[in-house]
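Asker: Pasting a structure here, questions to come.
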Amino acid sequence: MSEVKMSAKDLRLWYGDFEALKTVSLDMNKNSVTALIGPSGCGKSTFLKTLNRMNDLVEGCRIEGDVRLDGEDIFQKGYDLALLRKRVGMVFQKPNPFPMSIYDNIAYGPRVHGIRKKKVLDEIVEKALRGAALWDEVHDRLRKSAMGLSGGQQQRLCIARVMAVEPEVVLMDEPTSALDPISTQRIEDLMAELKKKFTIVIVTHNMQQAARIADRTAFFLKGEIVEAGDTLQIFQQPRDKRTEDYITGRFG
Amino acid sequence: MNAAIRRESPGKKKFYKVLERVTESVFFLCAAAAVLALSVILIFLFIQGIPALREIGVWNFVTGTTWQPSGNKFGILPMIVASLLATFGSALIGGFIGLMAALLLAEVAPRFLANVIRPLIDLLAGIPSVVYGFFGLMVVVPLIIQLFGGTGNSLLATIIILSAMILPTMVSLSETAVRAVPQAYREGSLALGATHMQTIFRVTLPAAKSGVLNAFVLSLGRAIGETMAVILVAGNRSTMPTSILDPVRPMTANIALELSYASGLHAEALYATGVVLLCFIVVINITAHLVLRKKKEG
């Protein structure tokens, strides 16, 4: 039933001399939510950023191993980076709307991918905002600056901005850690909706959140995946002692 | 409060209080000196310049097209036009080149290359203006004669030299503005599949807009006030330019060229030229101020 959308195999990554990922392998299934958990500095965000090659921006970053999207090696020579990032969208930890209008924020992605017609853009913007459960709150002020929105609204705007380019995979890097509980819940509700269309990979510090939303969970520790499997199994019958210690709050 | 301070004797406490006051006064006096210098210059300029404006008439003075001190004709419109054309022309060219260079340094060039180019551009700011003028006279002017004919000393030569002179201001201020754009904007754009160049021109540069605009306005200020280099390459003819190859005389050049021998109404008319020049500079500074204030609010 579960089809692999993205997979990493024997992935190793260095920042300079520091080995941030040590031979990590993980499959991420289509139309499901994969949660990456683990203490700070364990490499889960680094792993996430490898999936859309945002680590390319980091100076001194070196990668070995294999990451595949629909079976295609994303590190192969001549691979279209812009297309990869269009297919694999990303929501950041801190909401980062551009300092422009709500409308222009959403239309930004489609525009850089060549859509010019106003009517088409209008439709995309409305659909994306509805998809991110933000339309009702902002439809009468699309031309106003996105910087005037609340933190939770800004994060949903960023989700809408990603959806507007119709990605296949959505990466989320602790998307609710800067938000209040009500905004967090709205975004979690949204994720249940989003996984019907997309493959979602989410980094979270919040174990309840992983338990609530994820189908599969991978536990990272010191650059390695200690254990990965169905969320229920990870939380109820962890196979590894370290996993059990972490999820029961004994460290981390 | 910590114990060491509590044990201080009353005499010492008083001493610190006085020291505090003295330091404040020094700050105040230094600031006052700057304000005083400005006021003295303004008062002096107006006292010297106003009689001429009254005698010639402000309107005649700024719209008159003939400058002929021996014939008692004092019209500075050709010089105002020359100043404005030279300033805006150079600000456009220097502003564009400077902005592109700033984007290279801030966004495109690898760090080691930026670290080589940046000090070179800064060095450009340290070259005395008379050297710019000399270079213009020896290189730019002959080049213009060769390419287009004419006298060489011209509005075009002035614009080229001023463009080079405002580059460092434009580059360093724009680079600072572009670097101040949060990294999160760039990441957000790249993560949506935008290319590096799309990110620079559609997100980073618009986000740095007010800082870049401020750099542009300050470059205008630098260009309009430049004198020495301009005298050497402008040609200094006080008639209305009809082509970019005509010799021109910007306001600053007019004052510097004639003040040493002028007397009476002629001298006063030169001070009045200074008053007009000052008015333009005040407008430029107010614009810069408004741009910056808008930045803080936005």
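Taken together, the values in this text are just the output of simple stated rules run on the coordinates, not laboratory data. Bear in mind that the values here come from a model prediction, so they are computed numbers and not experimental data. Every residue, glycine as well, gets a Cβ built from its backbone with ideal geometry; the counts of neighbours run over all protein chains shown.
Asker: Out of residues 5 or more away from A:Met90 or on other chains, whose amide H comes under 5 Å of its own, with H placed 1.01 Å from N in the peptide plane?
Answerer: Correct list: A:Leu171.
Asker: Can you give the Rg to Rh ratio for segment A:144-252, taking only C-alpha atoms and Rh from Kirkwood?
Answerer: Values: Rg = 15.4 Å, Rh = 15.2 Å.
Checking Rg against Rh, the ratio lands at 1.01.
Asker: What helices in chain B pass both tests, a Cα length along the helix axis of 24 Å or more and a mean Kyte hydropathy of 1.6 or higher, using whole DSSP H runs? Working shown, then result.
Answerer: On the way: long enough: B:10-56 (68 Å, 1.09); B:77-103 (38 Å, 1.98); B:155-179 (34 Å, 1.62); B:209-225 (25 Å, 0.94); B:264-297 (50 Å, 0.98).
Going by DSSP H runs, the hits are B:77-103, B:155-179.
Asker: Using a 10 Å cut-off around each Cβ, can you sort A:Leu48, A:Leu11 from fewest to most neighbouring Cβ atoms?
Answerer: A:Leu48, A:Leu11
Asker: Another one. Net charge around A:Trp14, counting only other residues with Cβ within less than 13 Å of its Cβ (Lys, Arg = +1; Asp, Glu = -1)? Let's see the in-between values first.
Answerer: Values: positive: A:Arg12, A:Lys22, A:Arg62; negative: A:Asp17, A:Glu19, A:Glu59, A:Glu64.
Result for the neighbourhood of A:Trp14: -1.
Asker: While we're here: Please report, in Å, the Rg and the Dmax of segment A:76-200, where both are computed over Cα atoms only.
Answerer: 14.0, 46
Asker: Moving to a separate point now. In terms of modelled amide H atoms, which long-range or inter-chain residues lie less than 5 Å from the amide H of A:Ile202?
Answerer: Here A:Thr34, A:Ala35, A:Leu36, A:Met172 satisfy the definition.
Asker: Using a Cα-Cα cut-off of under 30 Å, which lysines could be cross-linked to B:Lys14, ignoring same-chain neighbours fewer than 8 residues away?
Answerer: Correct list for B:Lys14: empty, as no lysines qualify.
Asker: Based on DSSP H assignment, which helices of chain A show an axial Cα extent of at least 27 Å together with a mean Kyte-Doolittle hydropathy greater than or equal to 1.6?
Answerer: Span-like helices in chain A: none at all.
Asker: To the nearest 500 deg cm²/dmol, what mean residue ellipticity at 222 nm is calculated for chain A from DSSP H runs of n ≥ 4 alone, each contributing -39,500 (n - 2.57), summed and divided by the residues?
Answerer: -10000 deg cm²/dmol
Asker: Please list the equivalent ellipsoid semi-axes of the protein assembly as shown, computed as the square roots of five times the alpha-carbon gyration tensor eigenvalues, in descending order and whole angstrom.
Answerer: Values: eigenvalues 766, 184, 103 Å².
Ellipsoid half-lengths, sorted descending, are 62, 30, 23 Å.
Asker: Is the shape of segment B:1-155 best called rounded, prolate or oblate, per the rule: a/c under 1.5 gives rounded, else a/b larger than b/c gives prolate, else oblate, with a ≥ b ≥ c the square roots of the Cα gyration tensor eigenvalues?
Answerer: Taking the square roots of the gyration eigenvalues as a ≥ b ≥ c, segment B:1-155 is oblate.
Asker: Given the options B:Leu38, B:Ile160, A:Ser2, identify the residue whose Cα lies farthest towards the positive end of the charge dipole of the protein assembly as shown (+1 on Cβ of Lys, Arg; -1 on Cβ of Asp, Glu).
Answerer: Final value for the positive-end residue is B:Leu38.
Asker: Rounded if a/c is under 1.5, else prolate if a/b beats b/c, else oblate: with a ≥ b ≥ c from the C-alpha gyration tensor eigenvalues square-rooted, which is segment A:13-92?
Answerer: Oblate, since a/c reaches 1.5 and b/c is not below a/b.
Asker: In terms of the Cα gyration tensor, with a ≥ b ≥ c the square roots of its eigenvalues, is chain B rounded because a/c is under 1.5, prolate because a/b exceeds b/c, or oblate?
Answerer: It comes out oblate by the Cα gyration axes.
Asker: Moving to a separate point now. Note down the net charge around B:Ala91, summing +1 for each Lys or Arg and -1 for each Asp or Glu among other residues with Cβ under 15 Å from its Cβ.
Answerer: Computed value for this residue: 0.
Asker: For the protein assembly as shown, give the share of DSSP beta bridges that are antiparallel, in percent and rounded to the nearest 5; count only bridges with both residues there.
Answerer: 60
Asker: Net charge within 14 Å of A:Lys118 by Cβ-Cβ distance, Lys/Arg positive one each and Asp/Glu negative one each, not counting A:Lys118 itself?
Answerer: Surrounding charge for A:Lys118 is +1.
Asker: Enumerate the calculated ³J(HN,Hα) couplings along segment A:57-65 in order (Karplus 6.51 cos²θ - 1.76 cosθ + 1.60, θ = phi - 60°), each rounded to whole Hz, writing x wherever the residue is Gly or Pro.
Answerer: Those phi angles translate into 6, 7, 5, x, 8, 10, 10, 10, x Hz.
Asker: Next up: Please express the Cα-Cα pair-distance distribution P(r) of segment B:3-56 as a list of whole percents, one per 10 Å bin, running from 0 to the bin with the greatest distance.
Answerer: Histogramming segment B:3-56 at 10 Å steps yields 19, 23, 18, 15, 11, 8, 5, 1 percent.
Asker: Let me ask another. Which whole-Hz ³J(HN,Hα) couplings does segment A:35-43 yield from phi under the Karplus relation 6.51 cos²θ - 1.76 cosθ + 1.60, θ = phi - 60°, glycine and proline marked x?
Answerer: So the J values, rounded to whole Hz, are 9, 10, 10, x, x, 4, x, 8, x.
Asker: Which order results if B:Ile93, A:Ile187 are arranged by neighbouring Cβ count within 10 Å, fewest first?
Answerer: Arranged by neighbour count, lowest to highest, B:Ile93, A:Ile187 become B:Ile93, A:Ile187.
Asker: Within a 10 angstrom radius of the beta carbon, how do A:Cys42, A:Cys61 rank from fewest other beta carbons to most?
Answerer: The fewest-first ordering by Cβ neighbours comes to A:Cys61, A:Cys42.
Asker: Moving on. For segment A:5-49 and segment B:56-80, compute the distance between their C-alpha centroids and round to whole Å.
Answerer: Computed from Cα coordinates, the inter-centre distance equals 76 Å.
Asker: On to the next question. Which whole number gives the average count of other chain Cβ atoms within 10 Å of the Cβ atoms across peptide B:192-204?
Answerer: Counting Cβ atoms of other protein chains within 10 Å of each residue's Cβ and averaging gives 5.
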